[in-house]
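Worksheet: one structure, shown below.
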Amino acid sequence: MSAKVIDGKAFAATVREKVAGHVARLKADHGITPGLAVVLVGEDPASQVYVRSKGKQTVEVGMNSYEHKLPAETSEADLLALIDQLNSDPTVHGILVQLPLPGHLNSDLVINSISPAKDVDGFHISNVGLLGTGQKSMVPCTPLGCLMMLRDHHGSLPGMNAVVIGRSNIVGKPMAQLLLNDSCTVTIAHSRTKDIEAVVRQADIVVAAVGRPEMVKGTWIKPGATVIDVGINRIDIEGGKTRLVGDCDYDSCAEVAGAITPVPGGVGPMTIACLLANTVTACCRANGLAEPEGLTA
Ligand code: NDP
């Protein structure tokens with residue numbers, strides 16, 4: 001058996017098209033342009049790449065992009081003052097503070113100072129609570145992207161057995177919550193889970209968000225299951241080169257699974273597409289307008 005490849009790159013392009021269409025209507029019908037502010041503190045090279053990419057894609061879908069690059073030694077008070085200013089700026093509908101922050105800054109404090117309505121990363125404690133109680137919230141982008149791909153592939157998810165491997169606040173926990181809200185029977189596996197292979201083998205849906213290269217093997221997968229690989233790991237290969245791999249051993253999993261996301265080109269591209277989707281959703285909510293269909297949880 002050879003799995004259907006779920007093409008996250010193509011799917012992300014359709015999400016961006018929907019967002020662009022909605023942005024165009026907001027401009028034409030209401031004279032509103034959604035705006036996303038991204039705050040980067042310090043010069044972490046990976047974060048700089050992400051922020052550039054987010055800014056570029058924001059502009060491509062017709063939204064305003066505001067980048068705030070602050071030096072690594074920025075004080076907490078100065079960062080909080082900037083967030084305060086963005087919270088009250090009506091042209092800014094989404095605020096994202098790029099993580100990780102330099103060590104002297106309290107990430108929880110900073111994230112929880114963002115207005116929940118503008119928290120397009122969905123990390124604010126209010127949004128976590130709203131998601132946990134099945135209420136309208138801003139949903140973290142990576143799990144939202146996984147959910148969109150699962151809904152698209154399966155049509156409907158109720159009653160399916162889902163195993164989420166990983167329990168981080170940004171991927172594993174919100175992913176499990178989203179699947180639960182969609183009436184899946186959800187198990188969360190983590191580093192202390194006993195006989196994890198047997199646990200994973202029960203799953204109709206496996207979401208791997210572990211950060212361990214190629215940990216999940218084909219022998220762990222129930223035949224026909226859907227495998228969503230969130231992992232992004234760079235490994236050394238011969239000749240001093242490196243290669244990106246996921247948390248699943250792609251070749252062996254693809255032999256057994258019914259469908260699988262590749263790395264790269266699976267979950268990765270969906271993350272920024274969902275950030276744009278969240279920004280247009282936040283803009284609609286801020287203006288009391290109907291939310292775009294198919295772009296929220
Ligand atoms: P974290 O390191 O925050 O969490 C990893 C989780 O995996 C933890 O809950 C940990 O368990 C669990 N874990 C670690 N080792 C094992 C093991 N041997 N068996 C079972 N569970 C284990 O990672 P993130 O959630 O932030 O990210 C996970 C992966 O997803 C990474 O590769 C990251 O790069 C990628 N990622 C990709 C994104 C995208 O856009 N595609 C976005 C965000 C992340 P415990 O809690 O017990 O320690």
### Message
If I ask for residues that are assigned to a helix (DSSP H, G or I), closer than 16 Å to residue 147 by Cβ and away from the ligand (no atom under 16 Å from the Cβ), which ones from the range 261-294 would you list?
### Response
281
### Residue in the range 36-48 that is touching a Ser or Thr at 6+ places or on another chain (Cβ under 9 Å) and open to solvent by 40 Å² or more (accessible area, probe 1.4 Å) present
no
## Note on the structure
So, first residue away from the ligand (no atom under 16 Å from the Cβ) in the range 148-169, second residue open to solvent by 50 Å² or more (accessible area, probe 1.4 Å) and part of a loop (DSSP other than H, G, I, E, B), Cβ within less than 7 Å, six or more apart or across chains; the pairs are 157/183; 158/183; 159/183; 161/202
### Task
Return the total of residues in the range 244-253 being farther than 13 Å from residue 215 by Cα and either at pLDDT below 95 or surrounded by 21 or more Cβ atoms within 10 Å (Cβ to Cβ) (or both).
0
### Query
Somewhere in the range 112-129, is a residue in contact with a Phe, Trp or Tyr (Cβ under 9 Å, 6 or more places away or on another chain) and of a type outside the set (Phe, Trp, Tyr)?
yes
### Message
Given (1) more than 9 Å from the ligand (Cβ to nearest atom); (2) open to solvent by less than 40 Å² (accessible area, probe 1.4 Å); (3) not aliphatic (A, V, I, L, M), identify the lone condition not met by residue 145.
### Response
(1)
### Query
Is it the case that residue 224 is within 21 Å of the chain's Cα centre (by Cα) and either assigned by TED's automatic domain parsing to the domain that holds residue 245 or at positive phi (or both)?
no
#### Entry: Selection from the range 30-46 of residues that are hydrophobic (A, V, I, L, M, F, W, C) and either part of a loop (DSSP other than H, G, I, E, B) or under 20 Å from the mean Cα position of the chain (by Cα) (or both)
32, 36, 37, 38, 39, 40, 46
### Query
If you scan the range 204-251, which residues turn out to be more than 12 Å from the ligand (Cβ to nearest atom) and in contact (Cβ under 8 Å) with a residue 60 or more places away in the chain?
223, 224, 226, 227
### Task
Take the range 97-137 and flag every residue that is assigned to a loop (DSSP other than H, G, I, E, B), within 16 Å of the ligand (Cβ to nearest atom) and farther than 22 Å from residue 210 by Cβ.
98, 101, 120
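The values are calculated or read from the model by the stated rules, or taken from the named source; none is laboratory data. On a predicted model such as this, the values are computed, not experimentally measured, just so you know. With ideal geometry, Cβ positions are generated from the backbone for all residues, glycine too; neighbour counts draw on all protein chains shown. Accessible surface areas use protein heavy atoms only, side chains included; no ligands, DNA or RNA. Shrake-Rupley method; radii C 1.70, N 1.55, O 1.52, S 1.80 Å.
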